[in-house]
Amino acid sequence: MDDSPGIDWTRPKHTVRRPLLGITILLVEDSLYCSEAMRLLSIRSGARLRRADSVKSARRHLRIYRPDVMLVDIGLPDGSGLEIIREFSQKTSQLSPIIATSGNIGGNTRDDALKAGALFFIEKPIADLASFQQTLLAALPDEIKPLGFVPRLAGACVTPDVQALKDDLDHIDQLMNDCLAENDLSILIYVAQFLGSLGRDANSKRILQASDKLRVLAKDSMIPQEKVRREFQIVHDAVNNRMAQSGQVY
């Protein structure tokens, strides 16, 4: 290997079309549909993407390596993404810029994420290539930020494979079975926020409406099972229709 001074052999040189070439992203995200969108955006940008689907999984990843940038969803199955943001934004030995994301943007979600230590906050859905690249490049430290990159004002949007939407629904199916069997309101609250975020990602009004109704039902001391099943059937129908439109059999 040529060991000429001044050449960084650890990172490939970025290009105009792939401005994030050589950058490693840790995505902390529980939705496979959203993760698929992020995977497509990363591929088109040249970045390497690794995924953790929970707070526990994110901690395990971060014990092994340091990503160049982190994308952290706020709503996770075993806690809040705010835990990860607070914990790792304060560790100078593992300091990676953190970008928070959420599809549930009511209340103080954005402010809470920034106060916890996130550098930026992005509302879901995240599908525009130019916006994705600009936000990540803005978060990178100067020493690894590519020089001479001129961001586009708008970019192509990615569309995740609808199979990932079905995979998310299969996951929620199991959670709903546990929720109704155990009358566990905490599971219903998580499912409602998950579906709210998924509805935004998939641009599905029916899933969003079902999510809102499930949030209301989660306020009861006892889960009204028939009403919950009715709303979840609406979600199933919405995914069935999307699968049919794509030509995939469900």
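Numerical summary
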quantity	calculated
Length gained when the stretch Arg66-Arg48 is fully extended (0.36 nm per residue, less Cα-Cα span)	5.2 nm
Overall form of the range 96-250 per C-alpha gyration tensor (a/c, 1.5; a/b vs b/c)	oblate
Restraint check, Lys91/Lys219; Lys91/Lys145; Lys205/Lys227, Cα-Cα greater than 27 Å	Lys91/Lys219
Hull-based mean projected area of the range 24-144, where the convex hull spans the alpha carbons, in square nanometres	6.8 nm²
Relative contact order (%) - the range 56-191, alpha-carbon pairs under 8 angstrom, separation at least six	18 percent
Rel. contact order, % - alpha carbon contacts under 8 angstrom, at least six apart, the chain	16 percent
Cβ-placed point charges (K, R +1; D, E -1), dipole of the range 24-144 about Cα centre in debye, nearest 20	400 debye
Cut-off under 5 Å, modelled amide H: who pairs with Leu76 long-range	Gly81
Least to most buried among Arg51, Arg63 (fewest other Cβ within 10 Å first)	Arg63, Arg51
The range 162-246: equivalent-ellipsoid semi-axes (sqrt of 5 x gyration tensor eigenvalues, Cα, Å)	21, 12, 11
Computed over the range 162-246: relative contact order in percent, which uses C-alpha pairs under 8 Å that are six or more apart	31 percent
Vicinal HN-Hα couplings computed from phi for the range 86-91 (Karplus, 6.51 cos²θ - 1.76 cosθ + 1.60; Hz; Gly/Pro x)	4, 5, 9, 6, 9, 8
Max mean-square fluctuation residue, GNM over the chain, Cα-Cα springs under 10 Å, options Met70, Met222, Met38	Met222
Positive minus negative residues near Leu185 (Lys, Arg vs Asp, Glu; Cβ under 10 Å)	-2
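Bear in mind that the values in this text are calculations on the coordinates, not laboratory data. Not measured: the values here are computed from a predicted model. No Cβ is skipped: glycine too gets one built from the backbone with ideal geometry, and neighbour counts run over all protein chains shown.
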